[in-house]
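To keep things clear, I will list the structure first and then write my remarks on it.
The values are calculated or read from the model by the stated rules, or taken from the named source; none is laboratory data. All values derive from a computational prediction rather than experimental measurement. No Cβ is skipped: glycine too gets one built from the backbone with ideal geometry, and neighbour counts run over all protein chains shown. What goes into the accessible areas is simple: the full protein's heavy atoms, side chains included, and nothing from ligands, DNA or RNA. Shrake-Rupley method; radii C 1.70, N 1.55, O 1.52, S 1.80 Å.
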Amino acid sequence: MDINLTQEELSFQAEVKEFLSENAHKPGTDYNEWRLNWFKVAASKGGWDVPKWPEAFGGPGWSPTQHYIWEQETSRAQTPWDLPFGLSMLAPVLMNYGSKEQQNRFLPDIRDRLVNWCQGYSEPNAGSDLANLKTKAALSEDGTHYLVNGTKVWTTLAHIADWMFCLTRTNDTGKKQEGITFLLIPMKQEGIEVKPIITLGGSHSVNMVHITDVKVPVENRIGEENKGWGYAKGLLAHERTGLAGISRSIVALESLKNQAGSVKRGNGSLMDEPTFKLKVAELEADLMAVEYTELRSLANAASGNEPGPESSILKLKGTEIQQRLQRLTMEAGGIYSSAWGMSNVGPSFARSGMSGYLSSRAFTIYGGASEVQKDVVAKNVLGLKK
Amino acid sequence: MNFELSETQSILKDSVERFIGESYSLDKRQSLVKSELGFSQDNWKKMAELGWLSITVPESTGGFGGNQIDSMIMMEEFGKGLVLEPFFISSVVAGQILCDLGNQAQKENWLPRLVSGDCQLTFAYAEEQSRFDLEDVLTRAKPDEEGGFIIDGTKSMVLHAASADAMIVSCRTSGGQYEKNGISLFLVPKDLQGIHIDSFETVDGQRAAEVRFESVRVDMNALLGGEGNAFSTIKRAQQSGILALCAEATGIMESLYKDTASYTQDREQFDRPMSEFQVIQHRLVDMFMEYEQCKSMLLRATLEFVHNPDGSSRSIHALKYLVGKTGKFIGENAIQLHGGMGMTEELNIAHYFKRLLTIDILFGNSDYHLEKFAA
Ligand SMILES: Cc1cc2nc3c(=O)[nH]c(=O)nc-3n(C[C@H](O)[C@H](O)[C@H](O)COP(=O)(O)OP(=O)(O)OC[C@H]3O[C@@H](n4cnc5c(N)ncnc54)[C@H](O)[C@@H]3O)c2cc1C
């Protein structure tokens, strides 16, 4: 047991720090230009634009400890926004199950952040029970294309997406999981109708997507017909590991302390009020522990083992902590936390307090609701169910 | 001992329920939220016609002479209906201050119009630095030569200020920032020169404003009660405000746990109703139990306040603490058990939860009252 970074790891850390500070966005310069250029510069470092990709596909081939260092440093520094759908959700599927042609066709644009993807899994009657999905894909007689009909829901950013990776039903008989096919569907075409759903934080990020008589060439099918469930499940695991957000929570805790510290109470601040201070302390203790849960899981992976039991609770604990952070931020905002989108009342962190908190309620719903996650832990880790 | 409603109380409850059934579908409510005013003048008039705006006004001044039990009954139903009209701040809080402190002329001038729905009042007490402390007042009122006062300062989160005809404003006439002594209340017509109202929508779809007073001159008649000793009245207004808000919240929590229970019975996943999962059953039982705890505490605090206002402050602190804490517990779980649907604005769930969160920060949040309770 040893938690010290090796000499090489320390110099890697220094290199990352230097890279991030040299390439930070300079106020007043064009953001988009900087963003796309940032990825180019990162690519020239040897795959730093796609840290999680395997070496064979251009990734940096880092050790788990290097990934950890990268996470820590990037959650503090200013890095350009990025979306997970193509980069961390679809790309691993393409690499594992896609054909050479498909890899060559889709991976470069994903890597260059030129194409936006959305995830078309959930349907009105297929949420937690995803295998219940009904969007039908019928293979044409000549075998050249599928005719797709159905409705997807909660599709994040479908309104800006160029493509959707979509689970469709190709077989109604037998086990539900065994009749699902993984298709890639262009979004900008007739037959695709995207309707916004406004969520309770007040923003538009999710949508309902109606798919009507859309022809999808068989070249857009990943792997074999009726085998999509297996490909998608592998992908859900990627989605989940990305959702714990521990490094980001550590940074968020620091800013919560600063914000609450800026709320004056008498001669001190909100951070001196016992009830608030104790809640922050409780959260910090939990966060310190879960940080080590993550390290244990990384160390395990580094030694080439299967993910251990500790990794299964990272999404659960990680999202719970993110929600508590949002809740305390809202509480710190006091009377101003309900000032909806107002630009000039109270401290700026306070105004978005309630909407941030409300949006955070989704963290324990998407990517596998917490209750369902716990079922998985009960079954696979504790062995409580057959 | 008896917790049953009297006949008049039952009639009141039924009539509020009927009004909500007729006038308050979610669609109608949401279009009111989007309107400039944020509520319906027609509804406001109707509430006046039904006599509700006079419920808490003493009989001697033309009211119904009811007490906190009557407003509790109404507020619980208003909560379930997500009612937007400013009954709480105008009738319960400002109305009560006026009844408590107003002289003959002030009452005659305002009460009949308040009761008929022709005018609407609000109460401006919070300030940017005050957080939840009612005595933390920087807004100043200085006497001028002609016996009036000049008001300077900014009041925060003033509910429905833009549509109010006048506001009751807490001002410091003497003493230091945190002193209970030296605070006076003024009834300030909104159209006076030097009043700037910056109005916005709050998370619950209601309206609030930052109100800036720049050398606003009021005459002597604007002073409510004696100079410098308004704190006990403010405190009492806060207490009856809390009782009303907690009644509203209790109504909301009842709807939330019931709506969630029925949603899980209708929603099928894994080839069975969600309600068949034991985890969900237990969660719903927890929501139900915590709601019942709030209901009991609401009755306790309300009855104590009615029978012995001066001895009820611990119960009122406990109530506001419990309602704030439970509101989050029930709201969070209602959303969780609704899954994606809970995250939308299409069901009542989201709107109920937003109102609960807003109620928590009115007149002190749960932490604030827990500390007062423990003190
Ligand atoms: C903001 C947001 C973004 C999303 N983005 C996407 C996206 O981009 N693409 C996509 O395909 N989907 C997306 N989703 C959908 C998400 O994956 C589903 O909401 C989720 O799988 C839950 O499904 P549901 O909403 O139908 O809830 P339901 O399945 O109806 O479940 C409701 C609740 O019941 C409980 N529950 C469910 N099953 C069980 C069980 N077995 N035992 C005990 N309790 C249970 C849980 O508390 C759950 O939250 C998104 C959702 C949200 C809220």
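A compact table of results
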| quantity | calculated |
| --- | --- |
| Breaking point among (1) more than 10 Å from chain A (Cβ to nearest Cβ); (2) at pLDDT below 95; (3) within 16 Å of the ligand (Cβ to nearest atom), for residue B:345 | (1) |
| Residue pairs meeting the criteria (Cβ under 9 Å; at least 6 apart or on separate chains; first within 14 Å of chain A (Cβ to nearest Cβ), in region B:111-134; second open to solvent by 40 Å² or more (accessible area, probe 1.4 Å) and basic (Lys, Arg)) | B:129/A:264; B:131/A:264; B:134/B:180; B:134/B:235 |
| Test result for residue B:20, within 18 Å of residue B:251 (Cβ to Cβ) and modelled with pLDDT of 95 or more | yes |
| Meets criteria (in a helix (DSSP H, G or I) and over 23 Å from residue B:327 (Cβ atoms)) for residue A:310 | yes |
| Hits in region A:127-179 - residues which are among the polar types (S, T, N, Q) and either within 14 Å of another protein chain (Cβ to nearest Cβ) or more than 16 Å from the ligand (Cβ to nearest atom) (or both) | A:128, A:132, A:140, A:144, A:149, A:151, A:155, A:156, A:170, A:171, A:173, A:177 |
| Subset of region B:130-165 (residues that are closer than 16 Å to residue B:211 by Cα, in contact with an Asp or Glu (Cβ under 8 Å, 6 or more places away or on another chain) and open to solvent by 10 Å² or more (accessible area, probe 1.4 Å)) | B:138, B:140, B:150, B:152, B:153, B:154, B:157 |
| Residues located in region A:182-204, provided they are in contact with a strand residue (DSSP E or B) (Cβ under 7 Å, 6 or more places away or on another chain), within 30 Å of residue A:338 (Cα to Cα) and not aliphatic (A, V, I, L, M) | A:195, A:196, A:199, A:204 |
| Extreme residue, farthest from residue B:369 (Cα to Cα), among residues of region A:246-295 that are hydroxyl-bearing (Ser, Thr, Tyr) and outside any helix (DSSP H, G or I) | A:262 |
| Hits in region A:340-386 (condition: open to solvent by 20 Å² or more (accessible area, probe 1.4 Å), closer than 30 Å to residue B:156 by Cα and more than 16 Å from the ligand (Cβ to nearest atom)) | A:340, A:341, A:342, A:343, A:344, A:347, A:348, A:349, A:351, A:352 |
| Residue match in region B:270-285 (condition: within 11 Å of chain A (Cβ to nearest Cβ), more than 27 Å from residue A:319 (Cβ to Cβ), outside any helix (DSSP H, G or I) and of a type outside the set (Ser, Thr, Tyr)) | yes |
| Sole residue being without any contact (Cβ under 8 Å) to a residue 60 or more places away in the chain and in contact with a Lys or Arg (Cβ under 8 Å, 6 or more places away or on another chain), chosen from B:169, B:158 | B:169 |
| Residue list for region B:119-163, restricted to those being in contact with a Cys (Cβ under 8 Å, 6 or more places away or on another chain), in a loop (DSSP other than H, G, I, E, B) and of a type in the set (A, V, I, L, M, F, W, C) | B:137 |
| The lone exception for residue B:267 - which of (1) within 9 Å of the ligand (Cβ to nearest atom); (2) in contact with a Cys (Cβ under 7 Å, 6 or more places away or on another chain) it fails | (2) |
| Filter result for residue A:22 (farther than 24 Å from residue A:299 by Cβ and open to solvent by 80 Å² or more (accessible area, probe 1.4 Å)) | yes |
| Filtered residues of region A:44-60 (kept if open to solvent by less than 80 Å² (accessible area, probe 1.4 Å) and in a helix (DSSP H, G or I)) | A:57 |
| Elements of type helices (runs of 4 or more DSSP H) in region B:8-112, at least 1 residues being in contact with a Ser or Thr (Cβ under 8 Å, 6 or more places away or on another chain) and of a type in the set (D, E, K, R) | B:41-49, B:68-81, B:95-101 |
| Residue A:41 aliphatic (A, V, I, L, M) and open to solvent by 40 Å² or more (accessible area, probe 1.4 Å) | yes |
| Candidates B:288, B:277 - the one that is more than 16 Å from the ligand (Cβ to nearest atom), open to solvent by 30 Å² or more (accessible area, probe 1.4 Å) and either farther than 30 Å from residue A:265 by Cβ or in contact (Cβ under 8 Å) with a residue 40 or more places away in the chain (or both) | B:288 |
| Filter result for the condition that a residue is more than 16 Å from the ligand (Cβ to nearest atom), facing chain B (nearest Cβ under 8 Å) and more than 20 Å from the chain's Cα centre (by Cα), over A:331, A:284 | A:331 |
| Complete set of residues in region A:116-126 that are among the hydrophobic types (A, V, I, L, M, F, W, C) and more than 9 Å from the ligand (Cβ to nearest atom) | A:117 |
| Members of region B:327-342 that are surrounded by 24 or more Cβ atoms within 10 Å (Cβ to Cβ) and away from the ligand (no atom under 12 Å from the Cβ) | B:327, B:330, B:331 |
